[in-house]
Structure formats: structure tokens, C-alpha cells
Amino acid sequence: MSATILVVEDEPQVQELVAVNLEHAGHRVLRASSAEEAEAAIRAELPDVLILDWMLPGESGVALARRLRAAERTQSLPILMLTARAMEQDKISGLEAGADDYLTKPFSPKELAARIKAVLRRRAPELADDVVEIAGLRLDPAGKRVTADGKVVELGPTEFRLLHFFMTHPERIYSRTQLLDRIWGDHVFIEERTVDVHIRRLRKELEPTGHDRLIDTVRGSGYGLRKA
Amino acid sequence: MALAVGLAAGALWGWVFFGAALVAVVLYNVRLLALIIRWFARPLPEDLPEGLGTWDELLRAIHRHERNAARNTQALSDALVRFRRAAQALPDGVVILDAENRIEWCNDTAAAHLGLDPRADLGQPIANLVREPAFVEYLAAPEPSTPAPILVPLGMDTVYALQIIAYGEAQKLLLSRDVTQAERVETMRRDFVANVSHELRTPLTVLVGFLETVRELKLDPQRVRDYLGMMQDQASRMHRIIEDLLTLSQLESAPPPAAERVRIMPLLERVRADAAALSAGRHTITLDARPEFDLLGSEAELASAFGNLATNAVRYTPAGGEVRMIWRAGAEGASLSVEDTGVGIAPEHLPRLTERFYRVDRSRSRETGGTGLGLAIVKHAVARHQATLEVESKPGAGSRFSVQFPPQRAVPAERVSAS
């Protein structure tokens, strides 16, 4: 599992502590020391997870969380609050402001990594490294392996990510724009027809075992994956 | 009499006279009765009609009774007035409510607390006048008859404790007390505890976190050394916070400092040397002092206060800047000023500078190893010597902190024999 994680923390040593542990767990870590810097970083690139301190110079973390939840682009961004405010009332306020999880300082880096994994599994299962299996099609994100009825299927990296996304979000149709945002990353300007090309390649690789029938095309709408 | 008239003037005249007398008596009685009945409409003891014979006795009895009743009434109404005066004089607000929570009476304090008109609002349901939802809910709560008081914020940042006490038949007393000051102290105490826990949590996070990191992850030796260095930093930060907290709590609770002679020159020299050590050559630190007067007080507390002012000046002055310590003393008192050419303080921060853990710039405080308690210590130490702390500052131009001691704290220095 590898996700892009933005750490918003004004104490440089705590920032370093979080960063080194998450990098070791295989994530890419971006850093910010204030709500303002965090917003700039999010404008440049939408991270997969946000780790947010409550007490920041200037605008507080809770206020930032509330604003991110209100904005369309960031409303489903997973937020984990990491703060020294340990009172029950604080936790409630933090969660009510829109945090997905709340961890108090001092914390165990291992626990932080585990909680990030849990948040990702809920919010963005395509980023977690759990093996998924649908109708004889089996995808192992850690081993980067796909098998269909036990036979290995060779996929390019983009087709692999596409299939992983579909298998973790079955029975839903996604538009080309949505797929571009979720798989190629947002703020990436690629022609929508690129999606069609990769869908065609994916279908072709799944054809020998007949699993290509799982990929749904809805004309004018987009693509999805059926469970059977 | 009729008999006498009868004997003298014959039976007929006797009868006539007898009859006339009878009529007169009946008329008299009827008239007196009418007067008494009329009197009962307004029974003032002094207006009671007078009568003859048995009437006299009866009327006297009535008169006595009335006088007693009037006296009792007067005594009762006097008692009521006294009671209301007493209730009026209570430091707490008192409102008497009837079974429907209508105001029967309130004292002026309650009127002021709750915004009531002690005359015009009588008979009004209190919930129409005090509309704070918490209070309305409290008033409507069925049981217990004497619930614990609730705190209700009313008006501009004032907090009242309101309590209902049931008495008599379904009547209630509503007591109000201004607890703004007590609440403020309590809030400060709570904030302080929360702040201490926050201030200690941050270094503890670094310590605990890197301990686990160094133990669990495979890191190159240089990184491990860096992390151990950070842990060391934070351990000493925690140590400094704890030391300062102890100093503060001693300053708060210890008896007033003894008025011992404190030899000022060696003390200021030591403070200057400590500041120079912290500066490590990055600042020019000068001491301008005349040795004619010493101070009376606690050497340890004064050293702590002066030391904090000097190290603050070093911390908040960029390299190349200047820190001046100026000591002036005479019969009119003494003063120590610490001036710097540092970053200065914006005016909005000045009133809060001596609050515990108040920092103008968190990251600078962190970098320079400040605990956020230095000026709180200065404030306490100085106040224990009846001295005052004054701060002048301009952002970008530097700051001046001066401590002014009253005349009784300054004493002529003992003559040191020339050697």
C-alpha cells in the first residue's frame, strides 16, 4: 500500500517523527506547518490522507477540517487528527468537524500507521493492500499479481490500477473524468479518450477466461464492474 | 321612674311616661346599633361610638379588641417590612415565586441580576422575563424540590448561579448570585491545567515516538544520532518546564520573602554572565549600574526575575543586537531596566505577556528553549517585593522591561573598605 499523505504539524520534530515512520511504511509524505501551507499543498495536489494537528499557528486544524469538508474537491479526503488535546469533549469536537479518526499525543508510530491503513480501507480501498476477489478474478496489490481462475493475467501498471479500483468499487458506474481523477490523479490533464484505450486493453487481457464480461460500458456515462 | 311618675300623677300618666321612655330606649338602641354597624364598615378604634350602660361595657370590649387587633396588624406589617428590608439587604438576589412561577416579590439585587422591574414585573411569569433556555428548562424540571444551582450566563460576560428552593405551599424562592469572578478563576485554573498537559505532551510525543522509531525501524547511524539529539532536547525542555512550574508554585504559596540585604552588584554581574553564556557571543551585553544602593528582599527570587528578563532579551534579539541592563537606585526607590534592540512586541500582546504559556511567537519560543513561564515568574517575584513591572516595546525596534522598587526596598550599600 502506498498513499500520498500530507502531514500538517507545526512542531518540526513531531513532523519529522510522523514523516519518517510513514515513509518507512511505504507512503509518500508531504509536509506543512500551518493551515495556510496545507491549503497550498492541497491545491497543488490532492493527497490520499491528511494528518492534521489541532493547535496550529493562525487558523486551527479543526477550522481547516471543517472547511475541507465543505469544499467539493476535498469533502471525501480522509482526515486523521493528531493532537495533544486529549479531553473527551475535544475528541467529539474534532470528529464532529469532520475528522475520520482522532489520535492523541503522545502516540505510538505503529498505531498511527495502523490507523491510517484503517482510514484508507474505509475511504479509499484501492489504496489498501488487501487481496480482492470477484467471480474467480483475484487481485493481490502487495504482490502486484492478478489471476483469473488460477491463471496469471499479465497487466500493465495502469490497467492494474484500473482493475484494482473497479474491484474495490464494484457495481458502480464511473465517468471518464472520475476515473482520470481517481486513477491518474486529479489535476492531471489527459484526454478522456485515454481511459477508453486502457479499458480496451484491460478487456483484451481478461478475454481468455471470459472475465471481460464483468467490465460494464454505459454509453455516454462511463465504466464499471459487475460482481457476476 | 315610670312607677314614681305613676304614683305621683296617676296610673295613666305613669303608663304614658312608661311608654314614651320605652320608645326612647328602643330608638336609642336602634340608632346606636346603626352607628355600630356603620362603624364596622371602617372599624377604626378611635371612631367607635360611645354608649350608655351595658352598651358602654360592650363598646369598651369591642374597643379593646379592636385596639389589640390594630396593634397586631401593625406588628405584623412592621415584621413584613423588616423581613423585606432584610431580604433587600441580602447580597444575593431573592425572588418569591407563586405556584405558577409568577413573581410575587423580588429584591433589588435580583432585579439587577435578572433585569426585572421590582414593581412593574410583579405578577409576571418569570420565564417570560428571564428567557435563557437553560434557566427555563431548569425552572420547568419537576423534581427535586431544591435542585442544585445552575450557572446561567446573562448579559455581557457575567455568570450567575441560580437556585430554586421550594417552600410553603407550592411557593418557591429563586436565589441568584453573581459568580462571574469565581467562574473566571475556575476557568483560569482549568486552562492552566489543560495548558500544562499540552506543554508536556508535545516533548513527550517526540521522546516516546522516537524511542519506538529508533527501536523498530532500520535507520542509518547518522539519523539515529539526530533522533537521539532531538530526544535529548525535548527531555531538557520538559525538565525546564517542570523547574519553572515549581518556581511559580513556590512564588505563589510561600510566605512573603524575608527583607534580607541583597548585594546588588554581584547579583547583576551573575545575571549578566548567564545572559552572555546564552548569547555565546552573538550579542553585546552591557551592565550600567551604580553600587550606592542595595535591595531588601529574597536574593533567589530577585535573581530569578532579573535572570528571566535578561535571557528573554537575548532570546528575542537577533544576532548582532544589543542588550543593556541599567540599575538605578536612590532614596526615591530603585529600578532595573533591561533594554534590547530585538524583534519587539506588538501592542495587542502586551497585556497578556505575563500569562502562563502565553507566547507571541511559538516557533521562536521553541527554537530558543523558552518555557512560556518566564514573565509569569518575573511578575510574581516582583509583586512579592511590592515592585511593578513595566513594558515598553515597538515591533522591530526593541523592548524595555523595567522593574520599579518602592523606597523602603532600597537601602544604602554597606561600605566595603577600600583594599
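Kindly indicate whether any position in segment A:47-64 is of a type in the set (Ser, Thr, Tyr), within 14 Å of chain B (Cβ to nearest Cβ) and in a strand (DSSP E or B).
Keep residues of segment A:47-64 that are of a type in the set (Ser, Thr, Tyr), which gives A:60.
Checking the rest, the ones that are also within 14 Å of chain B (Cβ to nearest Cβ) come to A:60.
Those left that are additionally in a strand (DSSP E or B): none.
No, because not a single residue in segment A:47-64 is of a type in the set (Ser, Thr, Tyr), within 14 Å of chain B (Cβ to nearest Cβ) and in a strand (DSSP E or B).
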Report, by residue number, each residue of segment B:349-366 that is of a type in the set (Lys, Arg) and either within 15 Å of residue A:10 (Cβ to Cβ) or exposed (fewer than 14 other Cβ atoms within 10 Å of the Cβ) (or both). B:352, B:359, B:362, B:364, B:366
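Does residue B:170 fit the bill of being more than 12 Å from chain A (Cβ to nearest Cβ) and in contact (Cβ under 8 Å) with a residue 12 or more places away in the chain?
Details: more than 12 Å from chain A (Cβ to nearest Cβ): yes; in contact (Cβ under 8 Å) with a residue 12 or more places away in the chain: yes.
Criteria met by residue B:170.
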Determine whether segment A:151-171 contains at least one residue that is without any contact (Cβ under 8 Å) to a residue 24 or more places away in the chain and under 30 Å from residue A:42 (Cα atoms). yes
The residue that is farthest from the other protein chains (Cβ to nearest Cβ), considering only those in segment B:200-232 that are in contact (Cβ under 8 Å) with a residue 24 or more places away in the chain and farther than 20 Å from residue B:356 by Cβ, is B:231
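Just checking, which of B:389, B:350 is under 25 Å from residue B:246 (Cβ atoms) and assigned by TED's automatic domain parsing to the domain that holds residue B:277? First the steps, then the outcome.
On the way: B:350 fails: under 25 Å from residue B:246 (Cβ atoms).
The unique qualifying residue is B:389.
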Please go through segment B:202-230 and pick out each residue that is in a helix (DSSP H, G or I), surrounded by fewer than 17 Cβ atoms within 10 Å (Cβ to Cβ) and of a type outside the set (A, V, I, L, M, F, W, C). B:215, B:216, B:221, B:222, B:223, B:225, B:226, B:229
Among the residues of segment B:257-271, write down those that are assigned to a loop (DSSP other than H, G, I, E, B) and over 9 Å from residue B:298 (Cβ atoms). B:263
Considering only residues that are of a type in the set (Asp, Glu) and in a helix (DSSP H, G or I), look in segment A:1-37 and name the one that is nearest to residue B:205 (Cα to Cα). A:16
Note on segment B:173-199: residues closer than 23 Å to residue B:371 by Cα, touching a residue at least 24 places away in the same chain (Cβ under 8 Å) and more than 14 Å from chain A (Cβ to nearest Cβ) are B:192
For segment A:5-22, check the following and say yes or no: at least one residue is out of contact with any Pro (no Cβ under 9 Å at 6 or more places or on another chain), surrounded by fewer than 15 Cβ atoms within 10 Å (Cβ to Cβ) and without any contact (Cβ under 8 Å) to a residue 60 or more places away in the chain. no
Note: among A:136, A:150, just one is at positive phi, away from chain B (no Cβ under 14 Å) and surrounded by fewer than 12 Cβ atoms within 10 Å (Cβ to Cβ), namely A:150
Residue A:98, sole failed condition from (1) part of a helix (DSSP H, G or I); (2) more than 14 Å from every other protein chain (Cβ to nearest Cβ): (1)
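So for segment B:134-141 (the condition being surrounded by fewer than 17 Cβ atoms within 10 Å (Cβ to Cβ), modelled with pLDDT under 90 and closer than 19 Å to residue B:182 by Cβ), does at least one residue qualify? Step through it out loud before you land on a result.
Of segment B:134-141, the ones surrounded by fewer than 17 Cβ atoms within 10 Å (Cβ to Cβ) are B:134, B:136-137, B:140-141.
Remaining after also requiring modelled with pLDDT under 90: B:134, B:136-137, B:140-141.
Still in the running and closer than 19 Å to residue B:182 by Cβ: B:134.
Yes.
The values are calculated or read from the model by the stated rules, or taken from the named source; none is laboratory data. In this text the structure is predicted, and so the values were computed from the model without any measurement. Every residue, glycine among them, receives a Cβ derived from its backbone with ideal geometry; neighbour counts consider all protein chains shown.
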